[in-house]
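Colleague: Structure below; questions to follow.
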């Protein structure tokens, strides 16, 4: 009998499912698993070296593209291709949606595309950034579902003016790296902007970058959260579920909150659509995958793989989808009749989410082992511009120079 440790986040539904059902793996395998869940903010800060190194490192842990890139640079990621070759016949790695596997392959070099290099993690949850809206609020102000970002900000202003105390749109704004990654990145890339070009130059202060950033900051002042700079993901999810916003472009796995009548006052009355298009007709949605990683410092990689095979297998991932772990990463979950029956009560959600993950979404940002530092610097520029500490152009230009130095380092 071996003993291993799984490290996860205390506010993540997949980790809760692992903790709930891990005794089944222990009984079947004879191994013991210590499930250690730490606070959400600590997990997203990614200061996990005390848990992944030292004399008793976690053998398996949950991560995602940006977090994992930093962990790869620190030596805490074991490539999984050799282990997939020994997986049992029922594991069926081809059942994972191809987009999600591709974006978890990388060779570790700045600017090199995802999809090439070793498989670094296996996806257990994914999120694209969709448009969620309250039809009753739009009807109240006489607005259609916005199809472009210009429409989105215009409708948000109508809501703020005519449907108070409801605000126009929700948006992350806390001083954390994922303020950049989610709805804002989807908007920026739709405008034709980005973070770095093919030469490694930072382009956030390009004309497209200035236009996109100026548009969203102006709309935030008029129709965004009253305390935008304090907004984290869970405040937004719960506040939208309480009807505090008419629109939001953020994680489509918020459906687990929006459609849960225990926490939502708008359950069954939410509309879902693709995110808006940019001025040139381009539609982009960033992509995130919560995934399972084997620690390169694990002292028992064989048992660690047994656990990963169970934790990312069809059975647990199907059950976890009914326990709030949205969105599914395996085609078999999407196609399961019981899951389809449940999702049928969520309007257009399932069709929009599957189209996003298979046809529209991608990891838009340029991979770098220190992208968290890059995104934090970028977030600070947005917050400074919003506060008026300098002009938008200066805030972005100075940040761009700093971001280039970070990736060069």
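The values are calculated or read from the model by the stated rules, or taken from the named source; none is laboratory data. All values reported here derive from a predicted model rather than from experimental measurement. Counting neighbours? That spans all protein chains shown, and the Cβs are built from the backbone with ideal geometry, glycine included.
Colleague: Under 23 Å from residue 274 (Cβ atoms), touching a helix residue (DSSP H, G or I) at 6+ places or on another chain (Cβ under 7 Å) and not assigned by TED's automatic domain parsing to the domain that holds residue 70, is that true of residue 170? Walk me through it before giving the result.
Modeller: On the way: under 23 Å from residue 274 (Cβ atoms): yes; touching a helix residue (DSSP H, G or I) at 6+ places or on another chain (Cβ under 7 Å): yes; not assigned by TED's automatic domain parsing to the domain that holds residue 70: yes.
For residue 170, the condition - under 23 Å from residue 274 (Cβ atoms), touching a helix residue (DSSP H, G or I) at 6+ places or on another chain (Cβ under 7 Å) and not assigned by TED's automatic domain parsing to the domain that holds residue 70 - is met.
Colleague: Continuing with this model, one more query. Of everything in the stretch 286-316, what is part of a helix (DSSP H, G or I) and either over 24 Å from the mean Cα position of the chain (by Cα) or surrounded by 24 or more Cβ atoms within 10 Å (Cβ to Cβ) (or both)? Give them in sequence order.
Modeller: The answer is 301, 302, 303, 304, 305, 306, 307, 308, 311.
Colleague: Here's another thing I want to ask about it. In the list 201, 160, 205, which residue meets the criterion of being in the same structural domain as residue 281 (by TED's automatic domain parsing), touching a strand residue (DSSP E or B) at 6+ places or on another chain (Cβ under 9 Å) and surrounded by fewer than 23 Cβ atoms within 10 Å (Cβ to Cβ)?
Modeller: Of the residues listed, the single one that is in the same structural domain as residue 281 (by TED's automatic domain parsing), touching a strand residue (DSSP E or B) at 6+ places or on another chain (Cβ under 9 Å) and surrounded by fewer than 23 Cβ atoms within 10 Å (Cβ to Cβ) is 160.
Colleague: Any chance the stretch 164-181 includes a residue that's touching a residue at least 12 places away in the same chain (Cβ under 8 Å), within 24 Å of residue 405 (Cα to Cα) and in a strand (DSSP E or B)?
Modeller: Taking every residue of the stretch 164-181 in turn, none turns out to be touching a residue at least 12 places away in the same chain (Cβ under 8 Å), within 24 Å of residue 405 (Cα to Cα) and in a strand (DSSP E or B).
Colleague: From the set of residues in the stretch 102-113 that are surrounded by fewer than 20 Cβ atoms within 10 Å (Cβ to Cβ) and in contact with a strand residue (DSSP E or B) (Cβ under 8 Å, 6 or more places away or on another chain), which is modelled with the lowest pLDDT?
Modeller: The residue in question is 111.
Colleague: Would you check if there is a residue in the stretch 34-49 being more than 22 Å from residue 232 (Cβ to Cβ) and loosely packed, with under 14 Cβ neighbours inside 10 Å? Walk me through it before giving the result.
Modeller: The first filter runs over the stretch 34-49 and keeps only residues more than 22 Å from residue 232 (Cβ to Cβ), leaving 34-36, 49.
After this cut, where a residue has to be loosely packed, with under 14 Cβ neighbours inside 10 Å as well, the list is 34, 49.
The answer is yes, given that some residue of the stretch 34-49 is more than 22 Å from residue 232 (Cβ to Cβ) and loosely packed, with under 14 Cβ neighbours inside 10 Å.
Colleague: Let me ask something else. Determine whether the stretch 119-131 contains at least one residue that is surrounded by fewer than 24 Cβ atoms within 10 Å (Cβ to Cβ), without any contact (Cβ under 8 Å) to a residue 60 or more places away in the chain, closer than 27 Å to residue 196 by Cβ and in contact with a strand residue (DSSP E or B) (Cβ under 7 Å, 6 or more places away or on another chain).
Modeller: Checking the stretch 119-131: at least one residue is surrounded by fewer than 24 Cβ atoms within 10 Å (Cβ to Cβ), without any contact (Cβ under 8 Å) to a residue 60 or more places away in the chain, closer than 27 Å to residue 196 by Cβ and in contact with a strand residue (DSSP E or B) (Cβ under 7 Å, 6 or more places away or on another chain).
Colleague: Only helices (runs of 4 or more DSSP H) wholly contained in the stretch 1-88 count here; list those with 2 or more residues that are closer than 21 Å to residue 182 by Cβ and in the same structural domain as residue 106 (by TED's automatic domain parsing).
Modeller: It comes to 13-29, 40-45, 65-73.
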